[in-house]
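Asker: Handing you a structure now.
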Amino acid sequence: MIKTNHIEINSIGDGYIKLCYSRRSNTTLKEHIKDINLNDYYIYKATNSFRLSTQEEFLKFKYSGYILFHKSKYNTSDINNSIELLRKVDNKYFKFLDKPFPPIEIMNKIKIINL
């Protein structure tokens, strides 16, 4: 099965787009990104390793989901710092990058307690 045959947009938010593999969908990746300039976005793999991806990797749609962060609203250092902070809290339950994080200055104010 080729994953790019079944893509759906799960959310379009404030400066981000989340694209996921879906067996229910009949739309292709090309249909979803035809009006998007990929150079305007940071592309992150949305599952498991939460890392910055290349356009080539994204166009192959090798993984089950990607989030595109618009460069005018987000920067990679804040995204990476937020990912690292959440991994420190509990990597066992942090499996999917579902939407953007609050600004890093807010993330730094969150008190983490061990139960």
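Every read-out reported here was derived from the displayed coordinates using simple, explicitly stated rules and does not represent laboratory data. For clarity, every value in this text was computed on a predicted model and none was experimentally measured. Neighbour counts run over all protein chains shown; Cβ positions are idealised from the backbone, glycine included.
Asker: Within the stretch 32-55, track down each residue that is of a type in the set (D, E, K, R) and either surrounded by fewer than 12 Cβ atoms within 10 Å (Cβ to Cβ) or more than 12 Å from Leu19 (Cβ to Cβ) (or both).
Answerer: Correct list: Lys34, Asp35, Asp40, Arg51.
Asker: Same structure again: Pull out all pairs, ordered by first then second residue, where Cβ-Cβ is under 7 Å, the residues are six or more apart or on different chains, the first lies in the stretch 65-85 and is among the small types (Gly, Ala, Ser), and the second is assigned to a helix (DSSP H, G or I).
Answerer: Pairs found: Ser82/Ile104; Ser82/Met107.
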